[in-house]
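Working notes, beginning with the structure itself.
The values are calculated or read from the model by the stated rules, or taken from the named source; none is laboratory data. Just so you know, these numbers come straight off a predicted model, no measurement behind them. Because the Cβ atoms are built from the backbone with ideal geometry, glycine has one as well, and the counts that use them run over all protein chains shown.
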Amino acid sequence: MLALLHRFSISIWPLVFVALVLGLVALNPWLKPWLRFDEGAISQGEYWRLFSAHFVHLGWVHGLLNGAGFVLLALIYPAGKAVYWCLFYLVSSLFISAYILVDGETYYYVGASGVLHGLFILAAYFSRALDLWRRYALMAIIVAKLFWEQSPYYQDTGVSEAIGGMVYVDAHLIGGLCGLLVVIIFLIKNRLKFPTYP
């Protein structure tokens, strides 16, 4: 199966995240209360929630939406070892959770969408499947979305109704900034050039 996926130039690690996310959704009634971001529980020492909150979701619609995002990441086919992508996932999860704690306006939080925004920016930079202009375009679209979500024109009513909870757009912003920071570091290292692949 893995050999077949490699044959079609698709990344494996995002598909593992799809399975993990949907598996956790199936176990929501038992696991979500123990894994979600819960400010009170974290203050009492349950620090795993700083990471685990970004793996669990509100329900099937929420999980499937973010699962579709991971499928798109797989098709973008970013270069790099899976361990580095997983490390970025964990580090950006921690930054997002730290922001939520400092912000103090959200008591509960779940979802991978914040981290996904950073992953999409990074995946565009390291993509082995997209032409260079498409990589620029994808990064520009994600950055524009982040600006739009922070503007007074943004309304999340439709999405909130679909997923069963408020969209916390600041998580998208922090995750996106994490991705942009890594891209800027690589751009400086590579003299403002995007990597190219045969």
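(1) farther than 24 Å from Phe55 by Cα; (2) crowded, with 19+ Cβ neighbours inside 10 Å: which one isn't true of Ala140, the others all being true?
So the condition that Ala140 fails would be (2).
Only one of (1) surrounded by fewer than 15 Cβ atoms within 10 Å (Cβ to Cβ); (2) within 21 Å of Leu177 (Cβ to Cβ); (3) free of Cβ contacts under 8 Å to residues at least 60 places away in the same chain; (4) under 13 Å from the mean Cα position of the chain (by Cα) is not met by Asn66, so which one is it?
Result: Asn66 passes all but (1).
Restricting to region 89-107, and then to whatever is among the small types (Gly, Ala, Ser) and within 17 Å of Met166 (Cα to Cα), can you tell me which residue is modelled with the lowest pLDDT?
Looking at residues that are among the small types (Gly, Ala, Ser) and within 17 Å of Met166 (Cα to Cα), I get Gly104.
Just to be sure, is Gly175 in contact (Cβ under 8 Å) with a residue 40 or more places away in the chain and either surrounded by fewer than 14 Cβ atoms within 10 Å (Cβ to Cβ) or of a type in the set (D, E, K, R) (or both)?
no
Gln155 passes all but one of (1) more than 28 Å from Ile12 (Cα to Cα); (2) more than 16 Å from the chain's Cα centre (by Cα); (3) surrounded by 15 or more Cβ atoms within 10 Å (Cβ to Cβ); which number fails?
Only one criterion in (1) more than 28 Å from Ile12 (Cα to Cα); (2) more than 16 Å from the chain's Cα centre (by Cα); (3) surrounded by 15 or more Cβ atoms within 10 Å (Cβ to Cβ) is unmet by Gln155, namely (3).
What residue, among those in region 133-162 that are modelled with pLDDT under 95 and among the aliphatic types (A, V, I, L, M), is farthest from Ala98 (Cα to Cα)?
For region 133-162, the residue satisfying everything is Ala162.
Which condition number in (1) in contact (Cβ under 8 Å) with a residue 40 or more places away in the chain; (2) surrounded by 14 or more Cβ atoms within 10 Å (Cβ to Cβ); (3) aliphatic (A, V, I, L, M) is the one that Leu31 fails?
(1)
Which condition does Tyr153 not pass, out of (1) more than 26 Å from Ser43 (Cα to Cα); (2) assigned to a helix (DSSP H, G or I), if it passes all the others?
(2)
Please determine whether any residue of region 81-100 is touching a Gly at 6+ places or on another chain (Cβ under 7 Å) and farther than 30 Å from Thr196 by Cα.
yes
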